[in-house]
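What follows is one structure encoded as structure tokens, with my remarks underneath.
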Amino acid sequence: MAAKYPHQIEIWKSILSRPQMILAKPAVNLFLLRYLKKFKIRKVNEQLIIHSHLPPLNSKAYGRFINQHLLSKAPRLSHAQVGLTNACPQNCEYCYNKNRTGKTMETDQIIRLIKNLKELGVFWLGFTGGEPLLNKDIVKITESAGDDCALKLFTTGCMLTPQLAKDLQRAGLLYVSISLDHWKEEIHDRVRRYKGAFQTALTAIDIFKNLGNIHVGVSAVLSKKMLENQETEQFLDFLIGLGIHEAWLSETKPSVDKFWNPDLVISEEERVALVALQDRYNQEGKITVNYLGHFEGKEHFGCNAGHKMIYIDAFGEVSPCVFTPMTMGNIKQESIQEIYKRMTSHFPSEESCFINKNYRLLQKYSVDNQPLCLSDSLAMLQEVQFGPYAKFFRLYYGKEKG
């Protein structure tokens, strides 16, 4: 898949077509321009794409980001992930959904939820699971989001067919990330505890690449061993060879008991090294590297779990993000508006990852390794010490936290 870069005139035309941006603080606009310069903007199906965690520059969704977030300081969600099912043929050792249970949401509940999330400000929506392709109504659900919300699918590739890929694209899917954690087949299959996981992922990549007009990426979880052995570059070079648009990276998170170990949690030194690695690869332009700790680092936007980001699992339980096994309510019992109001009163934006900092508290309150119930979540939050804002929000609010 050859990289297609838009001419600078197209980029500036897109930016200048939104004159309301001049109403934002000059310091905020300068920050965003400097952030954009760290990426080679790609053109896919006429969409000017920075990376898959933001909507295209020339999309309706980006216009909503400007009007509802950049120019308004009212509390609003920007990003949400929704679990379409908890069923999955794979059994990843680090799976953050491992111990979640309940009655799966019906299709009409999911569609209503998406409408309500957009009313709360969501302009980026991720479909996850389990394996979301196992939801028989995924095309209908995708279509319900409309053309003013950027849609991303996280998938192992299991159950994908060329026809389903085509139907999803026609329904409005813009970004897809196929799970692939290693360049060696035997290691990826072992981590996923599923024989054939590697080949399934490669087949899915080919299906989406052959479809065209869709942004194709890999979603990779970097193990502590990979970081310590400095194997990330070798992995990225392998991904470049696959001809995809993007490598979406995250380190293993301490979301389940097996990883409640300080020796397995990423260090700040390792995070900073990955940030620098991303910037270097993105300047070379062979692939977009989109490391979560770059976007959510203190240098940029920080951790916005429960503040701008939200996760609703397949059973309707609402969590601050996919990596935090705790509930702040269930949409079957309360409105998402009520739950978000409760959540945002406890979750300010801060400069570093919530779960990386607070997994010991999660361990303290966990019972039989199950996600925390609402009362235990609230009790745990009384002990949490939130840090300062990241750089963007210091500029955005014009002050330090407090």
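Quick notes on this structure:
- Meets criteria (surrounded by fewer than 24 Cβ atoms within 10 Å (Cβ to Cβ) and not polar (S, T, N, Q)) for Phe323: yes
- Qualifying residue in region 286-294 (condition: assigned to a loop (DSSP other than H, G, I, E, B), open to solvent by less than 10 Å² (accessible area, probe 1.4 Å) and of a type in the set (Val, Ile, Thr)): yes
- Options Lys98, Lys103, Lys152, Lys115: the member that is buried (at least 16 other Cβ atoms within 10 Å of the Cβ), among the basic types (Lys, Arg) and either modelled with pLDDT of 95 or more or farther than 29 Å from Glu251 by Cα (or both): Lys152
- Pairs where the first residue, in region 323-340, is closer than 21 Å to Asp368 by Cβ and β-branched (Val, Ile, Thr) and the second is modelled with pLDDT under 95 and open to solvent by 10 Å² or more (accessible area, probe 1.4 Å), C-beta under 7 Å, 6+ apart: Thr327/Pro371
- Close pairs (6 angstrom Cβ cut-off, 6 or more residues apart or separate chains): over 19 Å from Ala61 (Cα atoms) in region 107-121, open to solvent by 30 Å² or more (accessible area, probe 1.4 Å) and in a loop (DSSP other than H, G, I, E, B) anywhere: Thr107/Asp137
- Qualifying residue in region 234-254 (condition: free of Cβ contacts under 8 Å to residues at least 12 places away in the same chain and under 26 Å from Ile50 (Cβ atoms)): yes
- Hits in region 384-399 (condition: surrounded by fewer than 16 Cβ atoms within 10 Å (Cβ to Cβ), outside any helix (DSSP H, G or I) and within 26 Å of the chain's Cα centre (by Cα)): Val384, Gln385
- Test result for Asn29, open to solvent by 10 Å² or more (accessible area, probe 1.4 Å) and in a helix (DSSP H, G or I): yes
- Residue that is modelled with the highest pLDDT [pool: residues in region 1-21 that are in a loop (DSSP other than H, G, I, E, B) and not polar (S, T, N, Q)]: Arg18
- Residue in region 41-54 that is in contact with a helix residue (DSSP H, G or I) (Cβ under 6 Å, 6 or more places away or on another chain), in a strand (DSSP E or B) and farther than 22 Å from Thr327 by Cα present: yes
- Region 178-219, residues that are assigned to a strand (DSSP E or B) and either in contact with a Leu (Cβ under 7 Å, 6 or more places away or on another chain) or open to solvent by 30 Å² or more (accessible area, probe 1.4 Å) (or both): His215, Val218
- Contact annotation: residue pairs with Cβ atoms under 7 Å, 6 or more positions apart or on different chains, pairing a residue in region 50-65 that is within 9 Å of Phe123 (Cα to Cα) and touching a residue at least 24 places away in the same chain (Cβ under 8 Å) with a partner that is part of a helix (DSSP H, G or I) and open to solvent by less than 10 Å² (accessible area, probe 1.4 Å), are Pro55/Ala61.
- Those residues of region 365-383 which are surrounded by fewer than 13 Cβ atoms within 10 Å (Cβ to Cβ) and in contact with an Asp or Glu (Cβ under 8 Å, 6 or more places away or on another chain), in sequence order: Val367
- Search result, residues across region 315-326 that are of a type outside the set (Ser, Thr, Tyr), touching a Pro at 6+ places or on another chain (Cβ under 9 Å) and assigned to a loop (DSSP other than H, G, I, E, B): Phe323, Pro325
- Residue list for region 216-258, restricted to those being among the small types (Gly, Ala, Ser) and under 21 Å from Lys98 (Cα atoms): Ser219, Ala220, Ser223, Ser250, Ser255
- Every residue from region 345-364 that is assigned to a helix (DSSP H, G or I) and open to solvent by less than 40 Å² (accessible area, probe 1.4 Å): Phe354, Ile355, Asn356, Asn358, Tyr359, Leu361, Leu362
- Given (1) open to solvent by 30 Å² or more (accessible area, probe 1.4 Å); (2) outside any helix (DSSP H, G or I); (3) at pLDDT below 95; (4) not aromatic (Phe, Trp, Tyr), number of the condition Gln68 does not satisfy: (2)
The values are calculated or read from the model by the stated rules, or taken from the named source; none is laboratory data. Treat the numbers as computed from the prediction; the structure is a model and nothing was measured. As a convention, Cβ positions derive from the backbone with ideal geometry for all residues, glycine included, and neighbour counts pool all protein chains shown. These accessible areas exclude ligands, DNA and RNA; they are computed on the full protein's heavy atoms, side chains included. Shrake-Rupley method; radii C 1.70, N 1.55, O 1.52, S 1.80 Å.
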